[in-house]
Amino acid sequence: MTLDEYLIDNKESAYMLRVETDAMQDEGILRGDLIIVDRGATPKNGDLIVALVDDSYHLKRFDKKSKKEIQVEAVVKSVIRKY
Amino acid sequence: MRKTILHVDGDSFFASCEVSLDVSLRGKPVVTGHERGIATAMSKEAKTLGVVRGMPIFKIKKDFPQVVVVNSNYFAYGLFAERMYNIVRRYTDRVEEYSIDECFADLTGLKEPFWAIGEALKADLNAELGMTFSIGIAPSKVLAKVASKTRKPDGLTVIEPNEVENFLKDLPINKVWGIGPQTSLKLQNLGIKTALEFINKPKDWIETNLARPYVDTWNELRGLSVHDVNTESDDQKSIQHTRMFGMKTNNKEIILSELSMHVECACARARMMKLAPKRIYYFLKTAEFRYHRGEINLDRPSNNPSEIMKAIEVSFKEVFRPNIQYRSSGVTLAGLASGTQNDLFGEVVKSEKSQKVFKVVDKIDKRFGTGTIMLGSSLNANKRRGNTPSRHFKILYMGEVV
């Protein structure tokens with residue numbers, strides 16, 4: 001198995017983003033990490049997602065019951081950290 | 001069997017790629033081509049403002065200061081194109097990668113309703129690539145192009161065989177794929193303004209007034225598929241010859257000469273393999289990496305470069321655009337049929353003669369090096385290698401210039 005196969009489910013819809021926030025450190029995602037996200041996936045309750053808020057991307061936990069409408073851009077699939 | 005062809009066309013593709021990769025550009029008027037000094041693509045917001053392709057960047061900045069102008073990133077556009085082709089391949093493996101922002105797929109024989117395939121594909125492309133595409137589904141390639149242009153952006157249009165006339169009645173003849181400015185002018189002088197008027201002419205009228213490729217276009221517009229979807233597996237059975245121009249050019253003679261050289265080299269290889277093509281594809285690649293293509297269906301297989309060049313010269317008038325800079329060109333011989341040297345050209349005496357000529361050409365090339373003897377039409381292209389052909393070329397394949 002290659003790292004690509006391990007980290008990526010769907011090659012066509014996979015994108016890489018650099019994390020620029022400390023907000024997710026309790027979730028184990030640190031500033032400077034790379035995350036691989038799937039733009040085509042449908043989020044399930046509790047998934048880490050990339051949401052569009054005020055014209056920029058934000059990392060969040062997907063909450064089905066939340067009354068606040070949020071625009072889901074992608075579902076986080078993997079985290080890559082280099083030391 | 002009636003065919004069903006799908007055409008996918010990326011909306012404002014280059015600009016859409018930029019927006020897909022940078023969320024801060026979303027909803028803004030975006031123009032690509034900063035490094036070239038002219039607009040190469042515009043987002044729909046920029047189009048609404050009145051920015052058109054080819055507009056100088058300094059003028060855009062002056063007249064529309066709100067426009068975001070970015071450098072082109074052809075590497076990224078190529079990656080998006082690959083993903084587009086692969087997503088279409090989920091529905092059928094018969095996909096032709098027509099250009100960086102377009103592809104064809106052959107849906108013939110698929111069980112699901114075609115509009116359902118179109119909607120599912122469109123949803124996949126939109127979600128996974130973060131941009132919109134316009135899709136057309138019709139009984140031929142030319143009609144599929146008509147369909148995808150009908151609703152743009154983000155449209156899906158299916159032309160059923162019995163609806164063809166509805167789609168063609170208001171379509172100006174010059175908007176038909178493959179009918180360029182010269183031919184549309186000629187047709188207008190003959191009283192034909194719309195595609196419907198064109199297909200309502202009898203076949204012998206078309207044959208009398210226009211060259212062979214337009215009979216194909218006439219058939220395609222009537223819903224009879226002539227142009228096959230050229231998949232990669234076909235490519236393996238084809239012979240291709242391409243190269244970059246020494247510098248960007250829009251000189252018609254130089255470009256035709258390059259094509260002539262490609263045809264000669266590819267034909268030499270075909271003759272060596274005792275094969276002759278039924279279809280010829282050629283392309284001119286613009287400085288913006290767009291492809292302008294021509295496709296020729298020969299009456300019978302031929303590996304005679306003069307015959308092929310005659311056909312290319314006719315269709316070239318529609319493919320070549322004088323005010324565009326081109327960077328490379330290439331020729332593909334496809335639909336290769338084998339046959340003995342004798343019966344390949346058996347039908348026409350003239351061809352038999354030239355067959356003998358090219359047999360001699362092959363012998364001379366083998367002895368003294370490729371390009372020792374060539375068609376006059378290839379002269380310009382061969383000058384680039386020095387005026388007299390060197391005898392020290394290493395021959396990799398017959399017909400391959402080192």
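With at pLDDT below 95 and not hydroxyl-bearing (S, T, Y) as the only criterion, which of B:F75, B:F64, B:F14, B:F58 stands out? Give the steps one after another, and end with the answer.
Numbers: B:F64 fails: at pLDDT below 95; B:F14 fails: at pLDDT below 95; B:F58 fails: at pLDDT below 95.
After applying the criteria, what remains is B:F75.
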Checking B:T249, B:T242, B:T286 in turn, the sole residue that is out of contact with any Leu (no Cβ under 9 Å at 6 or more places or on another chain), under 29 Å from B:E35 (Cβ atoms) and free of Cβ contacts under 8 Å to residues at least 60 places away in the same chain turns out to be B:T286
Just give me the residues in the range A:54-65 being surrounded by 11 or more Cβ atoms within 10 Å (Cβ to Cβ) and either acidic (D, E) or modelled with pLDDT under 85 (or both), in sequence order.
A:D55, A:D63
Looking only at the range B:63-72, filter to residues that are buried (at least 16 other Cβ atoms within 10 Å of the Cβ) and touching an Asp or Glu at 6+ places or on another chain (Cβ under 8 Å); which one of those is farthest from the other protein chains (Cβ to nearest Cβ)?
B:S72
With B:F245, B:F320 as the choices, which residue is out of contact with any Pro (no Cβ under 6 Å at 6 or more places or on another chain), over 27 Å from B:V176 (Cβ atoms), surrounded by fewer than 20 Cβ atoms within 10 Å (Cβ to Cβ) and not polar (S, T, N, Q)?
B:F245
Considering only residues of the range A:1-22 that are over 21 Å from B:M84 (Cβ atoms) and either more than 13 Å from the chain's Cα centre (by Cα) or at pLDDT below 90 (or both), which is nearest to the other protein chains (Cβ to nearest Cβ)?
A:E5
Quick check on my filter: what residues within the range B:56-84 are of a type in the set (G, A, S) and part of a loop (DSSP other than H, G, I, E, B)?
B:S72
Between residues in the range B:21-35 that are more than 16 Å from B:P65 (Cα to Cα) and within 14 Å of another protein chain (Cβ to nearest Cβ) and residues that are of a type in the set (G, A, S) and part of a helix (DSSP H, G or I), which pairs lie under 7 Å by C-beta distance while being six or more apart or on different chains?
B:L21/B:A76
Do we have any residue at all in the range B:85-95 that's in a loop (DSSP other than H, G, I, E, B) and within 14 Å of chain A (Cβ to nearest Cβ)?
yes
Would you confirm whether any residue within the range B:223-230 is buried (at least 22 other Cβ atoms within 10 Å of the Cβ) and at pLDDT 95 or above?
yes
Do any residues in the range A:39-64 that are more than 9 Å from chain B (Cβ to nearest Cβ) have Cβ atoms under 6 Å from those of residues that are surrounded by 14 or more Cβ atoms within 10 Å (Cβ to Cβ) and hydroxyl-bearing (S, T, Y), where the two are at least six apart or on different chains, and which pairs are they?
A:V50/A:Y57
Can you tell me which residue within the range A:71-83, out of those that are within 14 Å of another protein chain (Cβ to nearest Cβ) and not charged (D, E, K, R), is surrounded by the fewest Cβ atoms within 10 Å (Cβ to Cβ)?
A:Q71
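Out of B:I135, B:I100, which single residue is touching a residue at least 12 places away in the same chain (Cβ under 8 Å), more than 29 Å from B:R36 (Cα to Cα) and surrounded by 20 or more Cβ atoms within 10 Å (Cβ to Cβ)?
B:I135
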Which of the residues that make up the range B:246-290 are of a type in the set (G, A, S), more than 25 Å from B:E97 (Cβ to Cβ) and in a helix (DSSP H, G or I)?
B:S257, B:S260, B:A268
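The values are calculated or read from the model by the stated rules, or taken from the named source; none is laboratory data. Keep in mind the model is a prediction, meaning the values are calculated, not measured. Cβ coordinates were reconstructed from backbone atoms using ideal geometry, including for glycine residues, and neighbour counts include every protein chain displayed.
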